[in-house]
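Worksheet for the structure shown next.
The values are calculated or read from the model by the stated rules, or taken from the named source; none is laboratory data. These numbers were taken from a predicted model, which means no experiment stands behind them. No Cβ is skipped: glycine too gets one built from the backbone with ideal geometry, and neighbour counts run over all protein chains shown. We work out accessible area using only protein heavy atoms, side chains counted, and drop any ligands, DNA or RNA first. Shrake-Rupley method; radii C 1.70, N 1.55, O 1.52, S 1.80 Å.
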Amino acid sequence: MTAITASAVKELREKSGAGMMDCKKALNETNGNVEEASDWLRKKGLASAAKKSNRAAAEGLVGIAAKGTVGVLLEVNAETDFVSRNEGFQKYVQTATDLALEHGESIETLSTTAYPDTGRTVAEELTHLVSVIGENMNLRRVKRLSVEKGVVTNYLHNATTSTLGQIGVLVALESDGDAAELSMLGKQIAMHIAAANPKSHTKEDLDPALVEREREIYKEQVIASGKPAEFADKIVDGRLRKFYEESVLCEQVYMIDDTKRTVAQVVMDKAKELGTDINFKGYAQFRLGEGIEKKEEDFAAEVAAQLAK
């Protein structure tokens, strides 16, 4: 077998725009011939996919799946909302989500998992899909929750199908209680999370830097208002309590009924009703495109630029 040199890999990367590992594989397949390797990449769709990889992808789908004591969320992004309605893309996200139930510890693990009936991995199948559909796509994030006993329930908002949508929520309840009752409670809490969008599960889970920033803002507001200094700390503490009630799931007023109970109280009351402990282990929520800077497209300018070439 011809030895693959670093310079050959570098040349092929510059020529094709493909990743280093793909370039090495292509050179191995073509005995180090850069031109043939370039053609090999094009045939596999890897070169065209790489050229699209720097384009912003903030649309796509959130996949959700739950089975007994395990649940998973997966976000796969694309450039436009149009792709989320593509049957091939939907099938890919659905299949990858199902695989994540068993292999969803991390994106890295999921990426290297075999994709059914293709001879490709999950990541390689997505690269293939990029070349077919013509948009940049990426496996953004995955979250898997499990309990030893009890249920992991799910809720999907702005659904495209029964398991694909824009906002996905998982709720993990550990308990010996009736599974049907736990599932109903978990579903309702998940609906609350989708509507209220808490920042954390408990006060202890909140980022200390965020809490300190809020404290400083409230303190400056009190000083600016001219309130007596001896009252400042009490006023700040009161505003922080209000911040917790708005931001922390267990401190939020439960939105599913009008009893004015907190989410934590709702869980405690259900535990008393079932006659057993309920450990609210945690939750996860994915909001499609959250945190991704979306590029504003000027299509007229883009067309004009193409015509000027």
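Computed quantities for the displayed model
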| quantity | calculated |
| --- | --- |
| Prolate/oblate/rounded label for segment 74-160 (Cα gyration tensor, a/c 1.5) | oblate |
| Sequence-distant residues sharing a close amide H with residue 115 (under 5 Å, placed H) | 120, 121, 122 |
| Spherically averaged projected area of segment 140-293 from its Cα convex hull (nm²) | 12.0 |
| Rg/Rg_globular for segment 90-136, with Rg_globular taken as 2.2 N^0.38 Å and Rg from C-alpha atoms | 1.08 |
| Helix axis angle, 34-44 relative to the chain longest principal axis, alpha carbon, degrees | 50 |
| Enclosed volume per residue, in Å³, of the convex hull spanned by Cα atoms of the chain | 214 |
| Per-residue HN-Hα couplings for segment 254-259 [Karplus 6.51, -1.76, 1.60; θ = phi - 60°; Hz; x = Gly/Pro] | 4, 8, 7, 9, 10, 7 |
| Charge dipole (debye, nearest 20) of the chain; +1 at Cβ of Lys and Arg, -1 at Cβ of Asp and Glu | 420 |
| Cα coordinate range in segment 181-249, projected on the principal axes (Å, largest first) | 51, 19, 17 |
| Square roots of five times the Cα gyration tensor eigenvalues for segment 118-217, Å | 31, 23, 14 |
| Mean separation of Cα contacts under 8 Å (6+ apart) over length of segment 94-198, as relative contact order % | 20 |
| Globularity ratio of segment 46-202, using Cα Rg and 2.2 N^0.38 Å | 1.09 |
| Whole-Å distance, taken between Cα centres, linking segment 154-223 and segment 71-122 | 24 |
| Rule-of-thumb Rg ratio for segment 165-214 [Cα; 2.2 N^0.38 Å; N residues] | 1.45 |
| Within the accessible area of the chain (1.4 Å probe), percent carbon and sulfur | 49 |
| Phi-based couplings in Hz for segment 262-271 (Karplus 6.51, -1.76, 1.60; Gly and Pro marked x) | 7, 4, 4, 5, 4, 5, 4, 5, 5, 4 |
| Shape of segment 141-183, Cα gyration tensor, a/c cut at 1.5 | oblate |
| Rounded accessible area per residue of segment 181-273, 1.4 Å, Å² | 61 |
| Greater than 19 Å apart at Cα, pairs in 67/199; 199/281; 203/227; 143/199; 24/91; 187/281 | 67/199; 203/227; 24/91 |
| Table column - 3J(HN,Hα) (Hz), segment 59-69, Karplus curve with 6.51, -1.76, 1.60, x for Gly and Pro | 9, x, 8, 9, x, 9, 8, 9, 9, x, 9 |
| Neighbour count of at most 16 Cβ within 10 Å plus DSSP loop: longest GluC sites (Glu not before Pro)-free window in the chain | 149-289 |
